[in-house]
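Colleague: Questions regarding the structure given below will be posed in turn.
Values in this text are rule-based calculations from the coordinates and carry no lab data. Computed from a predicted model, the values in this text were never measured in an experiment. Virtual Cβ from ideal backbone geometry, glycine too; neighbours counted across all protein chains shown.
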């Protein structure tokens, strides 16, 4: 762990302890938020990483390269959107998954589409959105944002992700 | 979320039945990856827990309602970019804002940047994508969100 992070965590823990002892309302709220978010992560992350581990050992590199790699064409983007729609847990699962896809040879444009689409059109979230804001609202969002996500962003400029 | 666990367990079971060696390696990879990214996740949770306490929903309501429309879109996009919120909190909140008369295009800017742009999730994203790709991806997502907001305004006759 980096020193910057260690300092941040120590400060944070100290602030929480001090605030809770003194009875500050804000630190109780921060602690409550921390607990809520951690609980949410604990519910999502173990499964996500197990699935990513299985993906790593079972899916062959050549298959990813063929369907999502440089020579994949428009269908690659369609796969990316479909994969995103069924991703559970949102962006926190999408990041490590995108990283695995990259290691297996997917191109950056497809990965960008995948990450963006997993923020926009995950199926459970969409149902939620439409029920609170209306189908028309959701439809406009899909129709405008999805085409904008399909593109060769970041490709051919030598951008690379960390291995 | 229960189904997610059941699904994972089933896939794991099938994998183990077909090839125990590979499955063990998968679990090993899963654990290693998880432990190496854990500090970044912790940092994000720390930042989000503080940010949400500093910016409670009532304050958001005040920020997003009442202002001029285009200014409202700008503020909404800014707030949405900085804040990270799970969907099960965000959309009910948008529902409340809608009932209070906040225009659709402002809600669109808010909810889209909320989902697509993550200033507070930068620690996690950087670990995976590197700083440059992370910044570019977020910038692109921000402009897509603005485009969506404008389109929403046109469709709902708010512009």
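Colleague: Order of B:94-103, A:3-12 by packing, highest average Cβ count within 10 Å first?
Modeller: Numbers: B:94-103: 16.3, A:3-12: 12.4.
Descending mean neighbour count gives B:94-103, A:3-12.
Colleague: For the stretch A:14-67, what is Rg from Cα atoms divided by 2.2 N^0.38 Å, rounded to two decimals?
Modeller: On the way: Rg = 20.1 Å, N = 54, 2.2 N^0.38 = 10.0 Å.
For the stretch A:14-67, the normalised Cα radius of gyration is 2.01.
Colleague: OK, next. Note the angle between two axes, namely the Cα long axis of helix B:20-54 and the longest principal axis of the Cα atoms of chain B, as a number of degrees from 0 to 90, rounded to the nearest 10.
Modeller: Value to nearest ten degrees: 30.
Colleague: Also: How shielded is A:137-143 by partner chains, expressed as the average number of their Cβ atoms within 10 Å of its Cβ atoms? Don't skip to the answer; put the middle values down first.
Modeller: Working: counts 10, 2, 1, 11, 9, 1, 3.
Shielding by partners across A:137-143 averages 5.
Colleague: Continuing with this model, one more query. Could you work out, residue by residue across B:8-17, how many beta carbons of other chains sit within 10 Å of that residue's beta carbon, and then give the average as an integer? Can you show the working numbers first?
Modeller: Values: counts 8, 2, 0, 6, 5, 0, 1, 5, 0, 0.
That works out to 3 on average.
Colleague: Now for a different question. If we restrict to alpha carbons, what Rg and Dmax does the stretch A:60-163 come to, in Å?
Modeller: Over the stretch A:60-163's Cα set, Rg and Dmax evaluate to 14.1, 43 Å.
Colleague: Please compute, for peptide B:127-137, the average count of beta-carbon atoms on other protein chains lying within 10 Å of each residue's beta-carbon.
Modeller: Working: counts 4, 11, 13, 4, 1, 5, 10, 2, 0, 6, 9.
Per residue, the number of nearby Cβ atoms from other chains is 6 on average.
Colleague: Using the count of nearby Cβ atoms within 10 Å as a rough guide to exposure, how do B:41, A:15 rank from fewest to most?
Modeller: Numbers: B:41 20, A:15 16.
Ranking B:41, A:15 by Cβ neighbours within 10 Å, fewest first, gives A:15, B:41.
Colleague: For a footprinting-style exposure proxy, rank A:135, B:50 by other Cβ within 10 Å, fewest first.
Modeller: Working: A:135 11, B:50 20.
In order of increasing Cβ crowding within 10 Å: A:135, B:50.
Colleague: Same structure again: Give the peptides B:26-32, B:43-49, B:7-13 in descending order of average Cβ contacts within 10 Å, highest first. Could the numbers behind the result be given before it?
Modeller: Numbers: B:26-32: 17.9, B:43-49: 21.9, B:7-13: 14.4.
Highest to lowest by the protection proxy: B:43-49, B:26-32, B:7-13.
Colleague: If you fit an axis through the alpha-carbon atoms of helix A:91-103 and take the longest principal axis of the Cα set of chain A, what angle between them do you get, 0 to 90°, nearest 10?
Modeller: 40
Colleague: Separate question: Sorted by average packing, counted as other Cβ atoms within 10 angstrom per residue and highest first, what order do A:50-57, A:77-84 take?
Modeller: Put in order of decreasing packing, that is A:50-57, A:77-84.
Colleague: Of all the Cα-Cα pairs you can form in chain B, what percent are over 25 Å apart?
Modeller: Working: 5758 of 12561 pairs.
That fraction is 46 percent.
Colleague: Using only the alpha carbons of the protein assembly as shown, what is the convex hull's orientation-averaged projected area in square nanometres? Intermediate values should be presented prior to the final figure.
Modeller: Values: hull surface 69.8 nm².
With the hull built on Cα positions only, its mean projection is 17.5 nm².
Colleague: Per-residue ellipticity at 222 nm for the protein assembly as shown, helices alone: DSSP H runs ≥ 4 residues times -39500 (n - 2.57), over residue total, nearest 500 deg cm²/dmol? Spell out each step's value before the answer.
Modeller: Values: 16 runs with 259 residues, N = 322.
Rounded to the nearest 500, the figure is -26500 deg cm²/dmol.
Colleague: 7 Å from Cα along Cα→Cβ at both residue A:159 and residue B:38: what's the point-to-point distance in nm?
Modeller: 3.1
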